[in-house]
1. Subtracting the Cα-Cα distance from 0.36 nm times the residue separation, let me have the gained length for R41 to T374 in nm, one decimal.
2. Beyond 18 Å, what share of the Cα-Cα pairs of region 339-402 is found? Please give it as a whole percent.
3. Placing +1 at every Lys and Arg Cβ and -1 at every Asp and Glu Cβ, with all other atoms neutral, what dipole size does the chain have around its Cα centre, in debye to the nearest 20?
4. Can you list residues from other chains, or at least 5 along the same chain, whose modelled amide H is less than 5 Å from the amide H of L358?
5. Considering only A281, A209, A74, give the residue with the highest GNM mean-square fluctuation for the chain, with springs between Cα atoms whenever their separation is below 10 Å.
6. Rounded to the nearest 20 debye, what is the charge dipole size of region 323-401 about its Cα centre when +1 sits on each Lys and Arg Cβ and -1 on each Asp and Glu Cβ?
7. Please report the Cα spread of region 179-254 along all three principal axes, rounded to whole Å, starting with the longest.
8. Please enumerate, by chain and number, the lysines with C-alpha under 16 Å from the C-alpha of K411, excluding those fewer than 8 residues away in the same chain.
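Please treat every number below as a calculation from the coordinates, not as lab data. Here the structure is a predicted model, which is why all the values come from computation and not from measurement. Ideal geometry is used to build each Cβ from the backbone, glycine not excepted, and the neighbour counts take in all protein chains shown.
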Amino acid sequence: MIIAAIVTQHAEEAAFLWLLRSNATRQPHYALKDLAKLDGRVEAHVDGLRVAGEPGWELCKAALGNEEAGEVFAASVMAFESGIESRIQAILEAVEKTPELSKGLISAFGWMPFQQAAPHAQRLLVAELPLQRLVGLAAYAVHRQDPGAALKDALSSTDPELRARALKAAGELGKTTFIPAMKAEFAAEDLACRYWAGWSGALLGEPAAIPVLQRLAERGHTKREQACAMALRRMSIDQAQAWLKSLANSPKALRLAMQAAGVIGDPANIPWLIQQMANPAMARVAGESFTYITGIDLAYDDLDTDKPESFEAGPTENPEDENVDMDPDEDLPWPNPQLIEKWWFTHRVQFTNGTRYLCGQPMTIESLNQVLRTGKQRQRTTAAIELAMRQPGTPLFNCSAPGFRQQALLK
């Protein structure tokens, strides 16, 4: 017997937990085991909807009216796993009406095994609407599977969103043969195309991508942090340190500079990072970069402290406060500069200036693979990119894939 209240709970929880896991893939305190545990909860509720059958689908379909990506994710899994055409059309119509909901549909394709997703993705690759082709292309890309001629076609599309996704996919899939197509977009009028051309170009080893990404970072592109990081990874230590110094001299770019120190991984920057920890606005991001280099967990190793009483970040209860942005460092510990300085005085002999470190180890294939297995999500994403750069032509490991699938791949 189907109990409506329980099925409703499955639908609501599947959507809500998907939103949590979507955010968790980019958060500093989630390890792979944590993501896999959360994904297990998502799957349990999705499975409850499967068991419910038609009543489960009807609840998911009704929830599409909320126009939220989590609801689209749950409904999309139900629709495309069933293969029922009316269900599939309901999803496609909802996404076409509100294109930003496509992220929920793409995530659903990533949730399904590729063998199950592939026939639907292939059909979308040849659809008339550019948005549907984009979804089909993304479905292949999140599984790191080659979509064939559809990728080349999308790279020359007149639709900028489809072209941007194709540029990203070419990098994710390690398609070095498409570097000329990326270079052709380095001066694209569409900033998303320019960014993904630069990002993929840098990932695949194209030196001309570096200044493209630098300019995007310095001019405040919405992905300025990612652009900065990718450019730094392709620079020599001397080049990277020179750019870091330039960023640090600009008050508007100080946060970017501290993140850059963690990306570069040179322990020569640690004394400066410790100094910055005295500034409440910058303390936690400086602490994260310290952790990137040394591998020290500030909270676990008792090198953290309480939040300063006078510090406020993100929205306040004041109705006249126009700042509605969430605190970007909410999940980072507050570093204790005095304790960290003592730790560094004792342990600095273990580190060599001019060498790039991640999580306390010089960056090598072996150490990066270890971080991919045991690091936190942001660290794992860094390790995956560094590994792809050292192994040209290989797909980028997807640190946002379902945790249980990642664990199986990393055994």
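1. Values: separation 333, 0.36 × 333 = 119.88 nm, distance 2.10 nm.
Working it through step by step, the gained length comes to 117.8 nm.
2. When every Cα pair of region 339-402 is considered, 44 percent fall beyond 18 Å.
3. Charge dipole of the chain: 1820 debye, to the nearest 20.
4. Residues meeting the criterion, in which the H sits 1.01 Å from N, are M363.
5. It is A281.
6. 460 debye
7. Cα spread of region 179-254 along its principal axes, largest to smallest: 35, 24, 15 Å.
8. Of all the lysines, those that pass the test against K411 - Cα under 16 Å, at least 8 places apart if same chain - are K33.
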